[in-house]
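The values are calculated or read from the model by the stated rules, or taken from the named source; none is laboratory data. Predicted model only: the values in this text are computed from it and were never measured. Heads up, the Cβs are rebuilt from the backbone with ideal geometry, glycines too, and the neighbour counts pull from every protein chain shown.
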Amino acid sequence: MIIHCTRKLAAKLGQALESPQLEASLLGSWHAHLYMIDRRQCVFFCHDRTRYVLVLPGVVKDNLAELALLFRAVYLQSLAFEGINDAGIKKVSLAMGPQIFDAVTDRSVLSSLSVVRRDVDAYLADYAHILDVDPFELMQWLNQRPTMARGRAIFPKHEMFELIATL
């Protein structure tokens, strides 16, 4: 599974490849960006096809060294939180393969990440700090809202569930 990092995140990781990589995972690729919210580093991931979003708030330098493991854990936990059964999570886990970071990005997905950031800011209006928010409730809220992807309105959770059903 390829995770396309923005230059900002790639610089922090130090392990992102500069050349484009070929996607081998049945699940497709993701984009990731590093945002600062309430003076905390937060990594946002957005699935290229479904626009399903993962949020890792309060990421520290040691977490960045293990970002692939964190991504895998949060993705599988978010699917369980959304109601995917154990058999479905096992299929997803097997289909993921190893995570490879590169620095090649798609403007359409980056635009979706910008919209996510604005939506997160609106969500945070009811909280004093980003770390006061349950990240899984935030991700659930983000993935149930309609969003635009390549000129059509989609619901990220629904699109991700459809993708998982094809495994």
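Please find, within region 130-152, the residue that is nearest to the chain's Cα centre (by Cα) out of those that are surrounded by fewer than 19 Cβ atoms within 10 Å (Cβ to Cβ) and at pLDDT below 95.
For region 130-152, the residue satisfying everything is Met148.
Kindly provide the set of residues from region 133-143 that are more than 20 Å from His158 (Cα to Cα) and in contact (Cβ under 8 Å) with a residue 12 or more places away in the chain, ordered by number.
Residue satisfying the conditions is Val133 alone.
Scan region 61-76 for residues that are surrounded by fewer than 16 Cβ atoms within 10 Å (Cβ to Cβ) and farther than 16 Å from Leu27 by Cβ and jot them down.
Matches in region 61-76: Lys61, Asp62, Asn63, Ala65, Glu66, Leu69.
Can you tell me which of Arg107, Arg40 is within 16 Å of the chain's Cα centre (by Cα), among the charged types (D, E, K, R) and surrounded by fewer than 18 Cβ atoms within 10 Å (Cβ to Cβ)?
Exactly one of Arg107, Arg40 is within 16 Å of the chain's Cα centre (by Cα), among the charged types (D, E, K, R) and surrounded by fewer than 18 Cβ atoms within 10 Å (Cβ to Cβ), namely Arg107.
Take the conditions farther than 21 Å from Ala122 by Cβ, within 16 Å of the chain's Cα centre (by Cα) and either at pLDDT below 95 or not polar (S, T, N, Q) (or both) and apply them to Ala11. Does it pass?
Considered against the rule, which asks whether it is farther than 21 Å from Ala122 by Cβ, within 16 Å of the chain's Cα centre (by Cα) and either at pLDDT below 95 or not polar (S, T, N, Q) (or both), Ala11 comes out as no.
Restricting the first residue to region 120-132 and requiring it to be farther than 17 Å from Leu54 by Cα, which pairs with a second residue that is surrounded by 13 or more Cβ atoms within 10 Å (Cβ to Cβ) meet a Cβ separation below 6 Å and a spacing of at least six or different chains?
Cβ pairs passing all conditions: Tyr127/Val133; His129/Asp38.
From the list Ser25, Ser78, Ser93, pick out the single residue that is under 15 Å from Pro135 (Cα atoms) and in contact with a helix residue (DSSP H, G or I) (Cβ under 9 Å, 6 or more places away or on another chain).
Ser78
Could you tell me how many of the residues in region 74-103 are aliphatic (A, V, I, L, M) and under 16 Å from the mean Cα position of the chain (by Cα)?
8
Being hydrophobic (A, V, I, L, M, F, W, C) and within 19 Å of Arg145 (Cβ to Cβ) is the filter; apply it to region 43-58 and report the residue that is surrounded by the most Cβ atoms within 10 Å (Cβ to Cβ).
Val53
Residues to consider are Leu9, Leu27; find the one that is touching a His at 6+ places or on another chain (Cβ under 9 Å), buried (at least 18 other Cβ atoms within 10 Å of the Cβ) and assigned to a loop (DSSP other than H, G, I, E, B).
Exactly one residue qualifies, and that residue is Leu27.
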